[in-house]
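The values are calculated or read from the model by the stated rules, or taken from the named source; none is laboratory data. In this text the structure is predicted, and so the values were computed from the model without any measurement. When we count neighbours, we look across all protein chains shown, and the Cβ atoms used for this are built from the backbone with ideal geometry, even at glycine.
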């Protein structure tokens, strides 16, 4: 079974701080664990707000100080112009801060009334839109298309990512 090198954050994280010897010195992951680490890191990225105003996202090169996405609290998220602005900001953040994902496409679409009703009933959430993220996971010689979806909820922001079978 092929093993893939873990991300820098995984390699720096001490899973057992009581033990002075590292159990797995090279920190490798199988394919499913590797994909799970990409999903987790995307969730962290999308749930981190940069202090940089959205207008400054136009600069050519982002730095670690720009990590995250701009606050979208002032967006009218059901409006087409602000949806496009959010798509652009999400695409830029993922492209710049998740190098394992290439050819990133982000789509924002309305959530069906039935799905809204189910989510509201189950979790007392007010879901606004669904966000779909698609791209190609690239690591070493492996390439695999992958797609995730999540919802943007009025109070808590972007929810957990779920892997999808189709892109859009």
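Residue 76 fulfils the conditions (1) at pLDDT 80 or above; (2) loosely packed, with under 12 Cβ neighbours inside 10 Å; (3) touching a helix residue (DSSP H, G or I) at 6+ places or on another chain (Cβ under 6 Å) except for a single criterion, (1).
Against the numbered list (1) within 22 Å of residue 156 (Cα to Cα); (2) modelled with pLDDT of 90 or more, residue 100 comes up short only at (1).
Scanning the range 149-168 for residues that are within 18 Å of residue 43 (Cβ to Cβ), surrounded by fewer than 14 Cβ atoms within 10 Å (Cβ to Cβ) and at pLDDT below 85 turns up 155, 156. Scan the range 23-44 and give yes if some residue there is part of a loop (DSSP other than H, G, I, E, B), within 27 Å of residue 4 (Cβ to Cβ) and at pLDDT 90 or above, otherwise no. Looking for residues that are part of a loop (DSSP other than H, G, I, E, B), within 27 Å of residue 4 (Cβ to Cβ) and at pLDDT 90 or above, one finds none in the range 23-44, hence no.
In the range 131-148, is there at least one residue being surrounded by 13 or more Cβ atoms within 10 Å (Cβ to Cβ), outside any loop (DSSP other than H, G, I, E, B) and modelled with pLDDT under 75? Talk me through it step by step, then tell me what you get.
Step one: of the range 131-148, the residues surrounded by 13 or more Cβ atoms within 10 Å (Cβ to Cβ) are 131-139, 146-148.
Subset that is outside any loop (DSSP other than H, G, I, E, B): 131-139, 146-148.
After this cut, where a residue has to be modelled with pLDDT under 75 as well, the list is none.
No, the conditions are met nowhere in the range 131-148.
Pairing each residue of the range 61-78 that is touching a residue at least 24 places away in the same chain (Cβ under 8 Å) and at positive phi with any residue that is part of a loop (DSSP other than H, G, I, E, B) and surrounded by 10 or more Cβ atoms within 10 Å (Cβ to Cβ), provided the two are 6+ apart or on different chains, yields C-beta distances under 9 Å for 68/47; 68/48; 68/50; 68/51; 68/52. Selection of the range 1-19 for residues being modelled with pLDDT of 80 or more and more than 29 Å from residue 145 (Cα to Cα) yields 17, 18, 19.
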